[in-house]
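The structure appears below as structure tokens.
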Amino acid sequence: MSHLKSREISQRGLEVVDCPGPDRFGDPAGEVVMGEAPGYVVLLQELKHAVAVGVRRQHRRPYPTLGMAALAVGIAPAQLTSFIGRERELAELDRLLRIFRLVTLTGAPGVGKTRLALELARTLGQRFPDGAWVVELGLVSDPAQVGPRVEEVAGQPLRGRSLLVLDGCEHLLQESSRVAEKLLSASRDLRVLATSRKSLDIAGGRTWRVPPLGLPPADARGLSGFAGSDAVQLFSDRARKANPAFKLTADNVADVAHVCSLLFGLPLCLELAAAPALVMSPAEVLDSLSDRFAALIGASGKPVGRRRLLRATLDWSFEHLGARERLLFRRLGVFRAGFSLEAAERVAAGDGIVERDVLELLDHLVDRALVRRLERTRYQVLEALGEYALDRLRAAGEADRLRDLHARYYRRLALAAPPQQLAAEAGNLRAAMAWLEAHYPRGFQEMASALAASLPGRG
Ligand SMILES: Nc1ncnc2c1ncn2[C@@H]1O[C@H](COP(=O)(O)OP(=O)(O)OP(=O)(O)O)[C@@H](O)[C@H]1O
Ligand SMILES: [Mg+2]
């Protein structure tokens, strides 16, 4: 894209931010005051933008409706678990997208908005021959970056019969609405499918609340009566993944169904509850969850809201971990959009965790559905789980120390790693830059110079 070039980011970047001399990162005496440098603020914006999008440019690919097998950075990760049920929801959304040009999926964290949107994008591929693009906005914090982010992921003006999925708009509602409106008015056949914990306000758009997964009917009897529901299916699929010997039987199906009802059919909660299947039977899961929820409902007897329910399920899952796994999990809250094994070892080990044990501890967290393994040595913590981990990290008074370690690690990576490796780390690089900018301007300078130098198309 020419806009970065036309603004001569790399030329000016190096002019202003080059900082020869010894590495004094982290040494307060070595910090330099940057505020007055001419053009500095603009430069920072450009560099942040560059980090956000520049290194990704070579990796841009459409969502696999166009037959692409690999998913690019900036596009939602491939789903590693099976998609369950939702036939009615998919049919209804297909119908709505024929009528409305913007449909927003709303609902509580973990209800399945993103997963449903991705499945829809996949199944409706035929209807959008000009491409389906998934733009994950969870990582974008600056409203001004929503438009550029869409542009960068799509890599072309969205035209023809295309579908744009804007995933996770809740923190950028106004700007997401503005961008969606602008794109829709520029392209007659474009459809936008947004996901957001709150609804997007666009005239002519339609908000659709994602329901939890279907529960068995109240009068269900026997294996077949319970087993057909989506919630029971999801629980047993994930239990089988954790323990291949797990089977839904006439003996355990009522307990599974009961767990599903207790968790309102919320997919994220179901995944967490099914994960210990190797060590807990459905009856044991039911017992321990019931105790916790009885305490939550307390004397008021009022039903528990979905957010509190998710929180309570997360507490339950967290408390079933060993001490070192808890320590590691909360520390993983500093990463943004995935991390490598090496990053986890360098950033999250120490003070209670030995570096060489990190791999094994991560394996446990993957088994408990708290962490996903994306590739052999790359992991991700789902958004709602990451928020929880960060909360725990803050409560333990460890957040600043971990952010500092995180920033140092990614600064070193920016100085040494090739652009292809940096491309996967845009979220972490941006978080590191934000921390350095506020705490160690010199480290920020060095990192910015290194990133500017590694931008594709420089010069
Ligand atoms: N129909 C489904 N089949 C299989 N897994 C599902 C289904 N719906 C949701 N999940 C799983 O449940 C978890 C939570 O779903 P998802 O991330 O889509 O929730 P969300 O509503 O987008 O949450 P947030 O508000 O935090 O973005 C994920 O691990 C997802 O893969
Ligand atoms: Mg989501």
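The values are calculated or read from the model by the stated rules, or taken from the named source; none is laboratory data. Predicted model, so just to flag it, every value in this text is computed and none were measured. Positions of Cβ are backbone-derived with ideal geometry, glycine not excepted, and every protein chain shown enters the neighbour counts.
What the table below lists for this structure:
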{"quantity": "Filtered residue count, the range 175-192, keeping only those that are surrounded by fewer than 17 Cβ atoms within 10 Å (Cβ to Cβ) and over 17 Å from Val146 (Cβ atoms)", "calculated": "2"}
{"quantity": "Candidates Ala396, Ala384 - the one that is within 16 Å of ligand 1 (Cβ to nearest atom) and under 20 Å from Thr313 (Cα atoms)", "calculated": "Ala384"}
{"quantity": "Tabulated pairs, the range 212-238, first farther than 19 Å from Glu89 by Cβ and without any contact (Cβ under 8 Å) to a residue 60 or more places away in the chain, second away from ligand 2 (no atom under 16 Å from the Cβ) and basic (Lys, Arg), C-beta under 9 angstrom, 6+ apart or interchain", "calculated": "Ser236/Lys247"}
{"quantity": "Qualifying residue in the range 418-429 (condition: at pLDDT 85 or above, assigned by TED's automatic domain parsing to the domain that holds Ile353, in a helix (DSSP H, G or I) and touching a helix residue (DSSP H, G or I) at 6+ places or on another chain (Cβ under 8 Å))", "calculated": "yes"}
{"quantity": "Within the range 199-226, tally of residues that are crowded, with 17+ Cβ neighbours inside 10 Å and aliphatic (A, V, I, L, M)", "calculated": "6"}
{"quantity": "Count of the range 89-114 residues which are in a helix (DSSP H, G or I), within 16 Å of ligand 1 (Cβ to nearest atom) and under 21 Å from Ala180 (Cβ atoms)", "calculated": "5"}
{"quantity": "Residue count, the range 94-109 (criterion: within 16 Å of ligand 2 (Cβ to nearest atom) and under 19 Å from Pro157 (Cβ atoms))", "calculated": "0"}
{"quantity": "Boolean, Thr195 is surrounded by 19 or more Cβ atoms within 10 Å (Cβ to Cβ), under 30 Å from Val135 (Cα atoms), hydroxyl-bearing (Ser, Thr, Tyr) and touching a residue at least 24 places away in the same chain (Cβ under 8 Å)", "calculated": "yes"}
{"quantity": "Exclusive hit being modelled with pLDDT under 85, within 16 Å of ligand 2 (Cβ to nearest atom) and closer than 26 Å to Leu213 by Cα, set Gly138, Gly112", "calculated": "Gly138"}
{"quantity": "Per-region count, the range 368-381, residues surrounded by fewer than 18 Cβ atoms within 10 Å (Cβ to Cβ) and near ligand 1 (Cβ under 9 Å from one of its atoms)", "calculated": "0"}
{"quantity": "Residue check for Ala407: outside any loop (DSSP other than H, G, I, E, B), farther than 27 Å from Lys113 by Cα, touching a Gly at 6+ places or on another chain (Cβ under 9 Å) and outside the structural domain of Leu327 (by TED's automatic domain parsing)", "calculated": "no"}
{"quantity": "Close pairs (7 angstrom Cβ cut-off, 6 or more residues apart or separate chains): farther than 10 Å from Gly138 by Cβ and modelled with pLDDT of 95 or more in the range 382-396, within 16 Å of ligand 2 (Cβ to nearest atom) and outside any helix (DSSP H, G or I) anywhere", "calculated": "Ala389/Val381"}
{"quantity": "Test: residue in the range 134-153 that is over 24 Å from Arg430 (Cα atoms), crowded, with 16+ Cβ neighbours inside 10 Å and not charged (D, E, K, R)", "calculated": "no"}
{"quantity": "Test: residue in the range 242-259 that is under 23 Å from Glu87 (Cβ atoms) and within 16 Å of ligand 2 (Cβ to nearest atom)", "calculated": "no"}
{"quantity": "The range 115-146, residues that are away from ligand 1 (no atom under 13 Å from the Cβ), of a type outside the set (A, V, I, L, M, F, W, C) and assigned to a loop (DSSP other than H, G, I, E, B)", "calculated": "Pro129, Asp130, Gly131, Ser141, Asp142"}
{"quantity": "Any hit, the range 130-151, residues being without any contact (Cβ under 8 Å) to a residue 24 or more places away in the chain and either touching a strand residue (DSSP E or B) at 6+ places or on another chain (Cβ under 9 Å) or not assigned by TED's automatic domain parsing to the domain that holds Glu383 (or both)", "calculated": "no"}
